[in-house]
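As structure tokens, the structure follows; a few thoughts come after it.
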Amino acid sequence: MGYTQPTPIQALVTRPMIEGRDVVGQAQTGTGKTAGFGVPIVNIVDGDKLSVQALVLVPTRELAQQVSDEIARIAKYSHIEVVAVYGGAPLGSQVRALERGAQIVVGTPGRILDHLGRGTLNLGGVRVLVLDEADQMLDIGFLPDIRRILRLTPRDRLTAMFSATVPAPIKRLAHSYLHDPEWLLAGEETRPVNEVEQVCYEVANQDKPEALAEVIQTHSGEQSLIFCRTQIAVDRVVRILRRKGHSIEGIHGGMPQGERNAVMGRFRSGEAKLLVSTNLTARGIDVPTVENVINYDIPESVEEYVHRIGRTARMGRPGTAITFLSEWDIEFYDAIESHIGADQIERRALALYRRG
């Protein structure tokens, strides 16, 4: 798979998990944590038993696909089957995959509960349970579902929780359902990776479409992920940029799953160079070739800023994070700059303002 040495989070969590100890792993996005828990899972489960022995809970459909694909690559020569289950996709094909026998299931809490209610999934043999992107699952409101699922798994299971941030609700969940866990922090909390060049452009809200077109032209041919705050904004940006002649795709939770899969396929393959997304949908976008993250709408928290810009500079590659600062965004930007450090974000002028 191209790994020559473990990333910091992999080095921290792999050994304790293989030895059967519960862990809480805190790391920035893009640091290789999927392999960090995927390798122990593949070592722990028994490929000769057809029962579900490992369960990975994730917040989004895209992340379910990404994590299951990564674990399947790790398990390629071990006769272990991995099945992804998530909403927005046909239930029948997931049922058939589970009936054929799978040792590892990766899924969103809602769809996991659907299968449990239908009797198509049994968690009585689970030996390992992983909560991935735990802070995002709680933000979305999955906590009651997570608690229900945890109660349906054996008490002597190994439990691992991974999160970019560890607010009080995460700590309470860990103390309630993990047994004397090891708390493992890889790198500084909520800090961007060093390889990201951070740039800010002051742009009037009404000028954002023209500013985006200028930035795209400046980074012509590079793969860019563009963040908007709402689904309506995603559709609007795609519509405006297409009228300007740009080949651009959009993705958000209001789109049919088949369309989302097709869009992601074109972006992952490099056929699509520009992708506009909402925060939640982008949780499952792990494309190492993304060279630029563009905050068309500024994130409303430091944590979300770090999550967003962590979609570039993946696994040691360089990348650029560009943020548009409008007249309504000063409060949010000040909080980000205060946390990140004013010297870390370079302010530049756009040509549309230099022209007056």
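The values are calculated or read from the model by the stated rules, or taken from the named source; none is laboratory data. For clarity, every value in this text was computed on a predicted model and none was experimentally measured. Don't worry about glycine lacking a Cβ; one is built from the backbone with ideal geometry, like all the others, and counts go over all protein chains shown.
Could you identify the single residue in Asp180, Asp135, Asp156 that is among the charged types (D, E, K, R) and either more than 23 Å from Met17 (Cα to Cα) or within 24 Å of the chain's Cα centre (by Cα) (or both)? Only one candidate passes the filter, namely Asp135. Residues in the stretch 91-112 that are in a loop (DSSP other than H, G, I, E, B) and surrounded by 14 or more Cβ atoms within 10 Å (Cβ to Cβ): Ala102, Gln103, Thr108.
Scanning the stretch 63-103 for residues that are under 29 Å from Asn279 (Cα atoms) and of a type in the set (D, E, K, R) yields Asp69, Glu70, Arg73.
Assess whether Gly88 counts as being among the small types (Gly, Ala, Ser), assigned to a loop (DSSP other than H, G, I, E, B) and at pLDDT below 90. Considered against the rule, which asks whether it is among the small types (Gly, Ala, Ser), assigned to a loop (DSSP other than H, G, I, E, B) and at pLDDT below 90, Gly88 comes out as yes.
When Ser338 is tested against (1) without any contact (Cβ under 8 Å) to a residue 24 or more places away in the chain; (2) in a strand (DSSP E or B); (3) not charged (D, E, K, R), exactly one condition is not met: (2). As a summary of the residue check, Ala262 satisfies the conditions (1) buried (at least 22 other Cβ atoms within 10 Å of the Cβ); (2) hydrophobic (A, V, I, L, M, F, W, C); (3) assigned to a helix (DSSP H, G or I) except for the one numbered (1).
Of the set (1) outside the structural domain of Glu249 (by TED's automatic domain parsing); (2) of a type in the set (Asp, Glu); (3) assigned to a helix (DSSP H, G or I), all apply to Asp156 but (3). Restricted to the stretch 1-29, and to residues there that are assigned to a loop (DSSP other than H, G, I, E, B) and out of contact with any strand residue (DSSP E or B) (no Cβ under 9 Å at 6 or more places or on another chain), the residue that is modelled with the lowest pLDDT is Thr29.
Among all positions in the stretch 113-122, there is at least one residue which is in contact (Cβ under 8 Å) with a residue 12 or more places away in the chain and surrounded by 23 or more Cβ atoms within 10 Å (Cβ to Cβ). Scanning the stretch 134-188 for residues that are under 22 Å from Leu63 (Cβ atoms) and among the charged types (D, E, K, R) turns up Asp135, Asp139, Asp145, Arg147, Arg148, Arg157. Scoring Ile140 on the criteria (1) touching a strand residue (DSSP E or B) at 6+ places or on another chain (Cβ under 6 Å); (2) surrounded by fewer than 20 Cβ atoms within 10 Å (Cβ to Cβ); (3) β-branched (Val, Ile, Thr) leaves a single failure, condition (1). Only residues that are at pLDDT 85 or above, part of a helix (DSSP H, G or I) and either acidic (Asp, Glu) or buried (at least 19 other Cβ atoms within 10 Å of the Cβ) (or both) were counted across the stretch 289-332, and they come to 5. For the stretch 61-68, the condition of being under 25 Å from Ala168 (Cβ atoms) and in contact (Cβ under 8 Å) with a residue 40 or more places away in the chain holds for at least one residue. Number of residues in the stretch 205-250 that are surrounded by 15 or more Cβ atoms within 10 Å (Cβ to Cβ), out of contact with any strand residue (DSSP E or B) (no Cβ under 8 Å at 6 or more places or on another chain) and in a loop (DSSP other than H, G, I, E, B): the value is 1.
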